[in-house]
Ligand SMILES: O=C(CO)[C@H](O)[C@H](O)COP(=O)(O)O
């Protein structure tokens, strides 16, 4: 799948969240599904377990993919984002719950390294208000995100997305996206649909990713 942008207009993207804890199993997963996704997310558990040195390893193997480091920065926006960008990350995440100074520092570094920042709304209570504030900071993406630890309480990130439909910044949606709600996610205002467990926990990750790729291409 190409990561091109048509005439400046962005094409909706599928982001695979690799939330495994070992490089070896992550590489095996990527061999199976890499061709079906636009963005490879090095998940927070993977980065904590294996370290940011895996960024250049994955980037070298998948030069045509956008490499997203899900750092979920809460403080130290300058130093942490710089570490990841120097390793070759194309995009990183900063938490919306962080201070504006933290988000601004990461955005400044992203500009220096020609990279991007996604601000993650995970655990934000007033999503609409915080999204408006974050938009003023000129981040590249705002992501609504149902936390993994809330997967059993029925929180729907697609409903949260509706709260920020007027936000002009590109949007991503994450948390519990699977084949049942994938088409709805593609038809939503999200520019990027982030899928983790529905692919990597499947007995047949390639089949799920291929189906999602097909659905996304029909909507694009
Ligand atoms: O960032 C994350 C957790 O903090 C996950 O990568 C993201 O939410 C994807 O979740 P799922 O496995 O439900 O698709």
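None of the figures in this text is laboratory data; all of them are computed from the coordinates on show. Computed from a predicted model, the values in this text were never measured in an experiment. Using ideal geometry, Cβ is built from the backbone for each residue, glycine included, and neighbour counts are taken over all protein chains shown.
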Sorted largest first, the Cα spans of the range 13-219 on the principal axes come out in Å as 42, 36, 29
Check: C-alpha center the range 162-199 vs C-alpha center the range 81-156, spacing in Å is 15
Distance in nm between residue 202 and residue 155 label points, each 7 Å along Cα→Cβ, equals 2.5
Semi-axes of the range 163-220 from the Cα gyration tensor (sqrt of 5 times each eigenvalue, largest first, whole Å) come to 22, 12, 8
CD proxy, 222 nm, the chain: helix-only mean residue ellipticity via -39,500 (n - 2.57) per DSSP H run with n ≥ 4, per residue, nearest 500, stands at -11500 deg cm²/dmol
One would report the antiparallel percent of DSSP beta bridges in the chain, rounded to the nearest 5, as 5
Between the alpha carbon centres of the range 54-72 and the range 13-47 the gap in Å comes to 9
Here the relative contact order (percent) of the chain, from C-alpha pairs under 8 Å and at least 6 apart, is 19
Checking 14, 158, 29 against a Gaussian network model of the chain (alpha-carbon springs below 10 Å), the top fluctuating residue turns out to be 29
